[in-house]
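Asker: This structure is in structure tokens; I'll ask about it shortly.
Where a number appears in this text, it was derived from the coordinates with a stated rule and is not lab data. Just so we're clear, the structure is a prediction, and the values are computed from it rather than from any experiment. Counting neighbours? That spans all protein chains shown, and the Cβs are built from the backbone with ideal geometry, glycine included.
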Amino acid sequence: MSHDMNNATNMKLIIVDYGSSNLFSVINACNYFGYKANVTSDPDIIKNADAVILPGVGAFQMAMKRLEKLNLISPLKEIIESGKPFMGICLGLQLLFEKSEEFGATNGLGYIKGTIRKFPSDLNKNFKVPQIGWNSITNPDNGNWEKSPLKTLRSRGEFMYFVHSYYADIEERKAILSLTTYNEVNYCSSLQKENIFAAQFHPEKSGKKGLEIYKNWFNSF
């Protein structure tokens, strides 16, 4: 890189805006640590970023259609394959997978092997779908958090804020950072693969510990 990556003011940090997210809290989290993020749907700006955040809430199929319509599939691919820091949040995690069952099968970006599936609604009537609220994340094998944005969190029982009806059924076990259980489904709630970090929960809505995740991510590059 041509400039000092530790310098928050020089860094080209991009939040991808494809009309599928309330970006305000993500922007605030970046500002909190002195990073001025450029919120854009411009493919050229995204392609030339130093780091990218792909947030998102809502339907997988609609999001993929929007990314295609805005010609963002190729720049996202370039960024991920360039090895630059990439963070996916909520729907942004799901879009990294091969496919989703939502509204029939829809192909995703294909960087993580696995399928996005709907929580079963009939297992336990105490569990509402979508899951909205706080749930705990745990480290599946105690040790892989040290070199991840979760490194300052306790490996058992740290609570994060979730809003989702679909979960990641991951095939790449090595990529799993944290597991969470909801309605008898134990699923991947965050992952790390090479330069990709992604969380099903919303770190920016998860209080002090959630903000720590952003801080650790920023400190990693």
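Asker: Leaving out same-chain residues fewer than 8 places away, which lysines sit with a Cα under 21 Å from that of Lys215?
Answerer: Output for Lys215: Lys12, Lys36, Lys84, Lys147, Lys151, Lys193, Lys205.
Asker: Follow-up. Go through the range 59-67 residue by residue and turn each phi into a ³J(HN,Hα) via Karplus (6.51, -1.76, 1.60, θ = phi - 60°); whole Hz please, and just put x for glycine and proline.
Answerer: The phi angles translate into 8, 4, 4, 4, 5, 4, 4, 5, 4 Hz.
Asker: For the range 62-221, calculate the relative contact order in percent as a whole number, restricting contacts to Cα pairs under 8 Å that are 6 or more residues apart. Let's see the in-between values first.
Answerer: Numbers: 303 pairs, mean separation 38.9, N = 160.
Relative contact order comes out at 24 percent.
Asker: For the range 25-91, which trypsin sites (Lys or Arg not before Pro) are both in a DSSP coil and crowded by at most 16 other Cβ atoms within 10 Å?
Answerer: Lys36
Asker: For the chain, what is the calculated [θ] at 222 nm in deg cm²/dmol (nearest 500), taking -39500 (n - 2.57) for each run of four or more DSSP H residues and dividing by its residue count?
Answerer: Values: 6 runs with 51 residues, N = 221.
About -6500 deg cm²/dmol.
Asker: Okay, moving on. Output the antiparallel fraction of DSSP beta bridges having both residues in the range 13-219, as a percent to the nearest 5.
Answerer: Details: 26 of 43 bridges.
In the range 13-219, DSSP labels about 60 percent of beta bridges as antiparallel.
Asker: Kindly identify the range 1-131 as rounded, prolate or oblate by the Cα gyration tensor criterion: order the square roots of the eigenvalues as a ≥ b ≥ c, call it rounded if a/c is under 1.5, otherwise compare a/b with b/c, prolate if a/b is larger, else oblate. Intermediate values should be presented prior to the final figure.
Answerer: On the way: a/c = 2.33, a/b = 1.68, b/c = 1.39.
Judged from the Cα gyration tensor, the range 1-131 comes out prolate (a/c at least 1.5, a/b above b/c).
Asker: Amide H to amide H under 5 Å from Lys113: which residues, 5+ apart in sequence or cross-chain, H placed 1.01 Å off N in plane?
Answerer: Residues meeting the criterion, in which the H sits 1.01 Å from N, are Glu171, Glu172.
Asker: Then there's this: Assign one of three labels to the chain, namely rounded, prolate or oblate, based on the Cα gyration tensor with a ≥ b ≥ c the square roots of its eigenvalues; rounded applies when a/c is under 1.5, prolate when it is not and a/b is larger than b/c, and oblate otherwise. Write down the numbers at each step before the final one.
Answerer: On the way: a/c = 1.68, a/b = 1.25, b/c = 1.35.
Oblate is the answer for the chain, as a/c is 1.5 or above yet b/c matches or exceeds a/b.
Asker: Towards the positive end of the charge dipole of the chain, with charges on Cβ (+1 Lys, Arg; -1 Asp, Glu), say which of Leu23, Gly114, Ala51 has the farthest Cα.
Answerer: Looking along the dipole axis, the top candidate is Leu23.
Asker: Ok, one more. Counting Lys +1, Arg +1, Asp -1, Glu -1, what net charge surrounds Thr138 among other residues with beta carbon under 13 Å of its beta carbon? Write down the numbers at each step before the final one.
Answerer: Numbers: positive: Arg154, Arg156; negative: Asp141, Glu158.
With Lys, Arg at +1 and Asp, Glu at -1, the neighbours total 0.
Asker: I would also like to ask the following. Under 5 Å between amide H atoms, partner at least 5 residues away or on a different chain: which partners does Leu177 have, H built in plane at 1.01 Å?
Answerer: Ser190, Leu191, Gln192
Asker: Just order 126-135, 191-200 by mean Cβ neighbour count inside 10 Å, highest at the front, would you?
Answerer: On the way: 126-135: 13.7, 191-200: 22.3.
The packing order, highest mean first, is 191-200, 126-135.
Asker: Straight-line reach from Lys69: which lysines fall under 21 Å, measuring Cα to Cα and dropping same-chain residues less than 8 apart?
Answerer: Lys47, Lys77, Lys99
Asker: Once phi is turned into ³J(HN,Hα) by the Karplus curve 6.51 cos²θ - 1.76 cosθ + 1.60 with θ = phi - 60°, what whole-Hz value does each residue of the range 68-75 show in order, with x for glycine and proline?
Answerer: For the range 68-75, the Karplus curve yields 5, 4, 8, 6, 9, 4, 5, x Hz.
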